[in-house]
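None of the figures in this text is laboratory data; all of them are computed from the coordinates on show. Computed from a prediction, not measured in an experiment: that's the story for all the values here. Note that we place each Cβ from the backbone using ideal geometry, even for glycine, and neighbour counts take in every protein chain shown.
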Amino acid sequence: MKHKFASRRIMPLMAFALLLTTTVPTAFAANPDSSAQATAVCYPTAVTQSDDRGEIRKMYNLSPEDEPAGIPRSDFDKDGYHYELTDLLKQELPEYESRQHTETVTISSKSKDMATVLSLLPQEREFITDDGLSGVLSLCLDTVKVSVAGYGSSTKELTANRTYPGLSNQDTSPIPKSIEENGHTLTLTTVDWQRAGEVGADGSERYTAIAAYTGSTTNSYIKGYTVTAEYTGTVSRINLNRVRYVAIFEGKALPNEDGKTPALPNAGNTIPMEDTQLNTPLIVGASALAGLCLMAWLIRKHRKA
């Protein structure tokens, strides 16, 4: 009964000793830089610290293609304070782009008079380019040109009457079949016969013929004018192609035994990772040795019991 009771007490202790020899090395075997190697480390472009040393801000200006996972987030000590990351802010950084630009405009005018044409062209106009730049451009007077937009034609009807008195009968043979009127040829269309109330030498009644002539004329005219002019000046835009990340670290004083806040020997620097890795074999060896010694002592005590 005594051996059975002792074995029940020793088994948990042996399990604990075995745990020391197996799990402790595993905790230090992981390479802390394995995840960081996959992402390029980002370096701050500016660092600010509050007057009371309670806050440090690190600014990182990245392009949209850069991976923010490379921004360090680990705690660090500086000037007797321990700092921990509390916020990581993101903001777009504008970038100004500008260039000289010339824009050609085309408008219509009913007149070629230059005063009328200039009244249609403002001295300044706002333009937006095809790629999104905008600006106010000024008119270049020496580039203003006026040309005929096109020609049209119109037809006008012409009419004229001629009177031919003293005709012996209603015979149209003595009446001209066409006449000239203001440089246009008109053609006989109708004849209106009227009694003259006279009697000729041969005793026959006399008539008066009223002849109507018609014709047409075609005139050409200018439909309008086309005006072209150039405006020139500077166009610009704001590009949001930079990203700023702000890592905010809050600090707490590190008091010593007297309750004061001394300046740490390595203030402002994080603990070097190389030192931790160099101490790892010593820690692992000491833990394993302690576990083996404890296990041997337990076995010896169990046998004596």
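Kindly identify segment 81-138 as rounded, prolate or oblate by the Cα gyration tensor criterion: order the square roots of the eigenvalues as a ≥ b ≥ c, call it rounded if a/c is under 1.5, otherwise compare a/b with b/c, prolate if a/b is larger, else oblate.
prolate
Could you work out how much longer the chain between ASN239 and ASP51 gets when fully extended? Use 0.36 nm per residue separation minus the Cα distance between them, nm to one decimal.
Length difference between fully extended and current span is 64.2 nm.
Around THR214, what is the net charge, scoring Lys/Arg as +1 and Asp/Glu as -1 over all other residues with Cβ under 11 Å from its Cβ?
Result for the local shell: -2.
Largest first, please: the extent of the C-alpha atoms of segment 178-218 along each principal axis, to the nearest Å.
48, 15, 11
Just add up the charged neighbours of TYR225: K/R +1, D/E -1, any other residue whose Cβ is under 15 Å from the Cβ of TYR225.
Charge balance in the 15 Å sphere: +3.
Quick one: Debye curve from the C-alpha atoms of segment 151-216, no solvent, what's log10 I(q)/I(0) at q = 0.20, 0.23 Å⁻¹?
Log-scaled intensity ratios, in q order: -0.77, -0.91.
Go through 229-236, 44-51, 67-74 and give me the packing order, highest mean Cβ count within 10 Å leading.
Packing order, densest peptide first, comes out as 229-236, 67-74, 44-51.
Simple spin-label model, 7 Å along Cα-to-Cβ: THR155 to THR39 in nm?
For the pair THR155/THR39, the computed spacing is 8.4 nm.
Once you have a ≥ b ≥ c as the square roots of the Cα gyration tensor eigenvalues for segment 53-199, tell me rounded if a/c is under 1.5, and otherwise prolate or oblate according to whether a/b is larger than b/c.
Since a/c reaches 1.5 and a/b is larger than b/c, the shape of segment 53-199 is classed as prolate.
5 Å is the cut-off here: which amide hydrogens, built 1.01 Å from N in the peptide plane, fall below it relative to GLY224, excluding neighbours closer than 5 in sequence?
ALA149, GLY150
For every other residue with a beta carbon closer than 9 angstrom to the beta carbon of LEU93, add +1 if it is Lys or Arg and -1 if Asp or Glu, then tell me the sum.
Neighbourhood net charge equals 0.
How many angstrom separate the Cα center of segment 64-111 from the Cα center of segment 202-255?
39 Å
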